[in-house]
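Read the structure below first, then the notes.
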Amino acid sequence: PIKRAPWREASVYQIYPASFKDSNGDGLGDIQGIISELDYIKSLGVDMVWLSPVLRSPQVDMGYDISDYKDIDPPYGTMADHDALIEGLHHRGMKYVMDLVVNHTSDQHPWFKESRSSVTNKYRDWYIWRPSRHDPQTGERIPPNNWECFFSGSAWAWDEMTQEYYLHLWATGQPDLNWENPQVVDAVHDVIRFWLNRGVDGFRMDVINYISKEPGLPDAKPKKPGFLQNGAEHFSCGPRLHEYLQGIGKILSEYNAFSVGEMPDAGPEDILKAVGQDRGELAMAFHFEIDSMDFGPTGRFEPGTFRPTALKRIVNKWQTFMLSNSGWNALFMENHDTSRVVSRYASDSPALRTISAKMLANHLALQSGTVFLYQGQELAMANVPREWGMDKYRDIECVNHWEMVLRNYPDDPERQMKYRERYWSVGRDNARTPMQWNARGPSAGFMPEGAHSTAPWMSIHTDYPTWNVVNAVADQNSSFHHWRRVLKIRKQYLDIFIYGSFEMLNLDMDEDVIAYIRAVDPATGSDNGQVTVPSQALVVASFSVDEIWWTVPQKALAFLLDLSKDMKTTVLNIHAIVSKLGNYEGRNELR
Ligand code: TEU
């Protein structure tokens with residue numbers, strides 16, 4: 001049975017430091033800005049804060065390119081500020097989760113500068129260098145394999161000085177570390193200990209399932225026209241991954257530290273191996289089946305559409321798989337790499353934006369698992385305005401892709417518009433517009449009043465006069481207060497929502513409703529030996545923009561009898577259902 005553990009009952013708030021709050025008026029969010037809002041974060045009722053990287057970095061990929069693992073990037077603040085942040089969180093009973101990026105470093109890291117300086121340098125083997133191949137027909141120099149990087153172009157960069165290629169699954173400024181080298185493993189273990197000794201409570205581990213690559217780094221199977229192909233089948237969950245994770249897990253267990261692995265391209269079996277409660281590896285991991293549901297077959301910017309039935313099947317798969325295998329789910333639908341959920345999966349129209357955010361909060365946070373809430377998601381922040389020009393986009397993934405589109409399709413405005421539609425609907429910039437604290441222009445409280453000599457690093461969303469923290473906190477019906485209620489109810493009925501069983505309803509029906517039943521699981525029972533009342537919950541989420549009649553399945557009828565009688569059961573404020581309950585005339589339908 002699932003063992004009880006505090007991190008299983010936890011909820012985590014993710015902060016993107018560049019966009020949270022700017023305390024010194026330079027247009028970039030910083031650590032002192034976060035410290036100034038710790039009471040706001042606490043008021044949400046979250047237990048931990050995961051902070052995206054603030055370590056030294058040339059900021060090629062917003063800090064996911066680290067050049068010094070033991071120092072803070074000066075625009076974000078100092079080590080003393082970072083210590084104060086940890087202290088401020090601990091003082092309020094919250095924990096601090098650091099973003100650990102160790103699949104790759106920045107090319108400005110001293111390790112890489114040494115490594116690239118000569119083929120005999122002692123750091124050479126800290127990275128993945130390979131000689132070129134030559135095209136059998138043309139004799140021209142070609143990379144060691146056909147892998148494409150995630151930011152457009154080959155995953156190999158040619159180094160003129162030492163006449164070899166180095167691997168970079170991300171930007172050329174993000175060379176992959178060679179984990180086959182025990183010195184690299186030791187260096188990463190040293191970094192982990194350094195921060196645990198500094199008071200960090202755990203780590204979110206960036207693309208951690210990519211650290212073990214298939215030996216030989218073979219060419220990827222063709223999936224699309226052209227030479228370059230996604231090579232994930234050869235770099236995701238490679239042969240030594242669990243050996244490396246057990247090495248990290250051993251250190252974490254010494255400190256009883258929290259961990260969540262980011263594992264794109266990893267399936268349930270590999271993730272279960274990483275998070276199984278007796279594996280000694282990680283506490284939990286993010287899978288990306290939900291995030292990639294509306295991607296095209298060959299990537300984020302190829303056309304795709306979201307369907308609630310796809311979401312229903314993925315949720316069911318992971319809930320039942322983890323619960324029946326003593327694994328654990330890390331629940332998220334929004335982070336700094338996604339677009340905004342109200343725009344992506346529901347509706348950000350003025351009439352439906354709040355109810356969409358509430359519906360999505362119920363749908364996500366009442367599943368079994370540790371729930372992750374991304375900054376601004378509690379406010380129902382929406383995607384950037386469609387009319388934003390490409391000059392407003394900052395994300396390297398989008399900017400590189402747009403440059404490639406202009407190079408390849410200079411005279412194809414239709415195709416260019418198709419890609420711009422994708423940047424708007426699923427691009428990462430959508431989640432990176434500055435947090436909207438109040439209705440005062442021009443920076444909505446993101447920057448200090450009057451400090452407007454510089455512009456914010458990224459434009460503020462134009463809807464800040466309405467959608468901001470001050471308005472949300474003042475309005476009991478806001479999605480902010482709804483998130484507070486949902487996080488509270490999860491814990492109030494933790495035998496149901498955290499440790500309870502999960503059963504998806506109408507799994508094989510194609511509909512806009514995703515409904516599931518959570519119940520106290522006799523196997524785990526309830527902590528105090530009593531059966532809690534209520535002992536089960538029906539969570540119904542409508543993804544339709546219209547009011548619809550939903551036929552309640554036989555096994556869920558009991559709830560309706562309860563609801564229509566004395567409302568003993570706690571019905572979360574999905575007002576569309578509660579307000580229509582009065583129309584419930586013995587028909588087993590909900591509106
Ligand atoms: O993200 C990896 C990841 O899964 C997404 O970035 C996605 O794969 C990518 O956008 C391709 O669609 C982590 C960080 O969260 C991200 O911000 C970094 O850019 C990336 O790793 C490299 O460190």
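The values are calculated or read from the model by the stated rules, or taken from the named source; none is laboratory data. Source: prediction; values computed, not measured. Here Cβ is always computed from backbone atoms with ideal geometry, including for glycine, and neighbour counts include all displayed protein chains. Heavy atoms of the whole protein, side chains included, go into the accessibility calculation; ligands, DNA and RNA do not. Shrake-Rupley method; radii C 1.70, N 1.55, O 1.52, S 1.80 Å.
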Taking the range 1-142 and dividing mean pair separation by its residue count, relative contact order in percent (alpha carbons under 8 Å, at least six apart): 19 percent
Area accessible to solvent at residue 479, 1.4 Å probe radius, in Å²: 0 Å²
Across 221/418; 221/312; 358/488, pairs whose alpha-carbon gap is larger than 18 Å: 221/418; 221/312
Cα-based helix-to-principal-axis angle, 353-365 vs the chain, degrees rounded to 10: 80 degrees
Å² of accessible area per residue within the range 110-167, as computed with a 1.4 Å probe and no ligands counted: 51 Å²
Spatial separation of Cα centroids for the range 364-442 and the range 13-42, in angstrom: 20 Å
Overall form of the range 110-167 per C-alpha gyration tensor (a/c, 1.5; a/b vs b/c): oblate
Total charge dipole magnitude, the chain, about the Cα centre, Cβ charges on Lys, Arg, Asp, Glu only, Debye to nearest 20: 1280 debye
Cα-based helix-to-principal-axis angle, 413-426 vs the chain, degrees rounded to 10: 60 degrees
Helix-only [θ]222 nm of the chain, DSSP H runs n ≥ 4, -39500 (n - 2.57) each, per residue, nearest 500: -9000 deg cm²/dmol
Shape category assigned to the range 403-557 from the gyration tensor of Cα positions, a/c cut at 1.5: oblate
Accessible-area composition of the chain, carbon plus sulfur, in percent [1.4 Å probe]: 53 percent
Extreme residue, positive dipole direction of the chain, given options 55, 157, 448 (C-beta unit charges): 448
Straight-distance crosslink candidates among lysines, where the alpha carbon sits under 30 Å from residue 250 and sequence neighbours closer than 8 are dropped: 3, 70, 95, 122, 213, 273, 317, 491
Principal-axis tilt of helix 308-324 within the chain, Cα atoms, nearest 10 degrees: 90 degrees
